[in-house]
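Remarks on the structure that follows.
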């Protein structure tokens, strides 16, 4: 067995887990907490709930919500200024992947200085970060447990992948109730984001026995529960299952990294400011087709986890069942369009393909890819 490592935060999971925010911050030595969220989450009751529990613990706080979907480098600069001016000593993020990634980026610059571009890539952070607690409100990003932060460079119109053990939060508080306030489209997109994390980490060149177990279980849970979660906001059985699936997929990809799907979606989302999960949903089946010859046995296991009957099929045909199952799930939850409908133009493809080869996620894709290979996948996904 190859040498591997596995990193994870302390995890608190369950109904009313959000009530642990104040006590958790106290345990980390916080006196004044920088609460990161966005306007959408702030309109719901979850931020106020978190603030109530911080107050109960006797903690001061400052709320920063001036971020958008796909957080931008310019927003991070403003967030760092506010963090330093408010003299906070810990960070709590309440929201989806955008607030959580923004919180991580603020933490980097607050203690390490410079520009966020300085930290693009792997292991560029040298100084300790403030204590971080993440409370996800979507069942998809997995950022609450990962060593990733994804930030848009506005000038280059490109998503930067920042990867470091330092970005693994101290505590992840996962309360499935928070998923109830997301509409069907966001539920679908974030759910497929979790599925893409699970599948890509499972076939990653850096996969290991621990990530494999979590990835396969996440795939099973998503296949069995995402449709129901999209259909009904108050289905707590489905919401709890999706929260657990997102957690497990997050732990899997944090440690096994990802692949070509994410290397490509980072470029599209950076250019067009799209929802990451929808882009993943469109690209994932095409990337799976490309990768098939390199990991047919693993795709056979994916098919089984998705409930497909592969008895009597050879490895290749069984693997194709996984791709069919992903396409069917994506279609069932309402993502029936291609990248052209989302604004991608053919003339964008050469530059996006070249940039995708520079993304850290491409390194662990199970099949070697050239810019021409990625361009063909982009064209198929139009």
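Readers should treat all values here as calculations from the given coordinates under stated rules, not as data from a laboratory. Please read these numbers as outputs of a predicted model, since none were measured by experiment. Cβ atoms come from the backbone with ideal geometry, glycine included; neighbour counts cover every protein chain shown.
Å³ per residue of the Cα convex hull, for region 10-178?
In region 10-178, the Cα hull volume divided by residue count equals 95 Å³.
I'd like to compare 338-348, 128-138: which one has the highest average count of other Cβ atoms within 10 Å, and what's the full order after that?
Packing order, densest peptide first, comes out as 128-138, 338-348.
Take every Cα pair under 8 Å in region 215-299 that's 6+ residues apart, average their separations, divide by the length, and report that relative contact order as a whole percent.
Contact order relative to length: 22 percent.
Rounding to the nearest 10 and keeping the result within 0 to 90°, find how far the Cα-based axis of helix 315-332 lies from the longest principal axis of the chain.
The angle comes out near 50 degrees.
So for region 230-382, averaging the separation of alpha carbon pairs under 8 Å that are six or more residues apart and normalising by length, what relative contact order in percent results?
Computed over region 230-382, the figure is 32 percent.
How big is the equivalent ellipsoid of the chain along its three axes, where each semi-axis is √(5λ) from the Cα gyration tensor, reported in whole Å from largest to smallest?
One finds semi-axes of 32, 23, 19 Å for the chain.
Considering only DSSP beta bridges with both partners in the chain, what is the antiparallel share in %, to the nearest 5?
Roughly 20 percent of the DSSP beta bridges within the chain come out antiparallel.
Taking just the alpha-carbon atoms of region 39-80, what radius of gyration and Dmax come out, in angstrom?
My reading of the Cα-based Rg and Dmax gives 12.4, 34 Å.
Any chance you could check the Cα centroid distance between region 276-319 and region 195-222 for me, in angstrom?
One Cα centre to the other: 12 Å.
Per DSSP H run of at least 4 residues, take -39500 (n - 2.57); add these up for the chain, divide by its residues and hand me the 222 nm value, nearest 500 deg cm²/dmol.
My calculation for the chain gives -16000 deg cm²/dmol from helical runs alone.
Which of the three applies to region 313-382, rounded, prolate or oblate, going by the alpha-carbon gyration tensor with a ≥ b ≥ c and a/c under 1.5 meaning rounded?
oblate
Quick check: convex hull of the Cα atoms in region 182-381, volume per residue, rounded to a whole Å³?
Enclosed volume per residue, from the Cα hull, is 102 Å³.
Ranked from highest to lowest mean number of other Cβ atoms within 10 Å per residue, what is the order of the peptides 25-32, 198-205, 357-364?
The packing order, highest mean first, is 198-205, 357-364, 25-32.
Report, to the nearest 10°, how far helix 260-272 tilts away from the longest principal axis of the Cα atoms in the chain, using its own Cα long axis and a range of 0 to 90°.
That works out to roughly 60 degrees.
Return the Cα extents of region 104-145 along principal axes one, two and three, sorted largest first, each rounded to a whole Å.
That works out to 32, 21, 15 Å along the principal axes.
What angle, in degrees between 0 and 90 and rounded to the nearest 10, separates the Cα long axis of helix 236-256 from the longest principal axis of the Cα atoms of the chain?
Around 80 degrees separate the two axes.
Note down the relative contact order for the chain as a percent, whole number, built from C-alpha pairs under 8 angstrom at least six residues apart.
16 percent
Mind ordering 214-226, 178-190 by average Cβ neighbours within 10 Å, highest first?
214-226, 178-190
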